[in-house]
Amino acid sequence: LLRGSGHGTVVRVRAAGVNRISLGVQSFHPAKLQLLERDHRPEDVAGIFPHIRARFPSISLDMICGVPGETLDAWRADLQSALALAPDHLSIYCLTFEKGAAFWGRLMRGHLTQTDEETQRAMLETAWDQLAQQGWDHYEISNFARPGHRCRHNAVYWKGEPYFAIGPGAARYVDGRRETNHRSTTTYIRRVLSGQSPVADRDELEPAERAREMLVFRLRMIEGITRREFRQRTGFDLDQLAGKPLRKFARLGLVEDSADRIRLTREGLLVSDCL
């Protein structure tokens, strides 16, 4: 599509509304990529980047920090390599170990050692501070944009708005109902061709659950949410629905409650997945 395909293919993609390409770069260090089981090389990213820049107005890079054995200096160098390409958007995540995943098995067998929390914290704060100094907009816990380049696609998730999706393993959220397609490509195709539903899991949330979920997602955004908007969007009073835990987190310095707006503090952003 980006290097070998004809001009017509790119034009059709652009005409369909695609104006942003995201690259799962993860790192510019060969050893780190190998540990992450990625099959691309740093030079592959540098080689394809100009071709994308010539065709699309916005480019995003995904980066991972906190990989076993990674030092703070190595992460700083990785971040500098990403910024040297002058992308428009960055998504930065610490490596997580989820039960059932391959990395979890390697961790349990002692083949990997998880990076300590203080080092992970230092890595995130280093990225936050450097990007802020360079004028980047830190608009969601893990996402940063140059002016005018926020990801509208992901903002739909964080704002609790409905979205559609097609394909194996795709998830959609419409009218309060969450559905996920079969992850198996062959099962997905077989079901579609036979006129059957490809949905593997379906979950319909009660109104109060939907409201709580929206609050959690909105607190991922740096701007948080106002009580007025929460009431308009959900029909629930924020303090009646979640006042007790919010007051607790405010006392702990994890949540900032200023007049009508609720948002996570810097400390809250660092531990948000545990709240």
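Listed by first and then second residue, the pairs linking a residue in the range 208-235 that is in contact (Cβ under 8 Å) with a residue 40 or more places away in the chain to a residue that is open to solvent by 70 Å² or more (accessible area, probe 1.4 Å) and outside any helix (DSSP H, G or I), with Cβ atoms under 6 Å apart and 6 or more places separating them unless they lie on different chains, are Gly224/Arg261; Gly224/Arg263.
Here the condition is being surrounded by fewer than 17 Cβ atoms within 10 Å (Cβ to Cβ), part of a strand (DSSP E or B) and not charged (D, E, K, R); of Gly69, Gly105, Gly24, it holds for Gly24 alone.
Per-residue answers, yes or no, for (1) in a strand (DSSP E or B); (2) loosely packed, with under 13 Cβ neighbours inside 10 Å; (3) over 23 Å from the mean Cα position of the chain (by Cα):
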position: Tyr173; (1), (2), (3): yes, no, no
position: Arg178; (1), (2), (3): yes, no, no
position: Ala211; (1), (2), (3): no, no, no
position: Arg228; (1), (2), (3): no, yes, yes
position: Phe236; (1), (2), (3): no, no, yes
position: Asp239; (1), (2), (3): no, no, yes
position: Ala250; (1), (2), (3): no, no, yes
position: Arg263; (1), (2), (3): yes, no, no
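When only residues in the range 23-46 that are in contact (Cβ under 8 Å) with a residue 40 or more places away in the chain and not hydrophobic (A, V, I, L, M, F, W, C) count, which is nearest to Arg12 (Cα to Cα)? Per the stated criteria, the residue is Ser27. Scanning the range 155-171 for residues that are hydroxyl-bearing (Ser, Thr, Tyr) and in a strand (DSSP E or B) yields one hit, Tyr163.
Of the residues making up the range 72-102, just one is more than 26 Å from Gly135 (Cα to Cα) and part of a helix (DSSP H, G or I), namely Ala102.
Can you confirm whether the range 195-206 contains a residue that is within 28 Å of Tyr139 (Cα to Cα) and open to solvent by less than 80 Å² (accessible area, probe 1.4 Å)? Yes; the residues of the range 195-206 include at least one that is within 28 Å of Tyr139 (Cα to Cα) and open to solvent by less than 80 Å² (accessible area, probe 1.4 Å).
The values are calculated or read from the model by the stated rules, or taken from the named source; none is laboratory data. Quantities reported herein were computed from a predicted structural model and do not represent experimental measurements. Reconstructed Cβ throughout: ideal geometry from the backbone, glycine too, with neighbour counts over all protein chains shown. Only protein heavy atoms, including side chains, enter the accessible area calculation; ligands, DNA and RNA are left aside. Shrake-Rupley method; radii C 1.70, N 1.55, O 1.52, S 1.80 Å.
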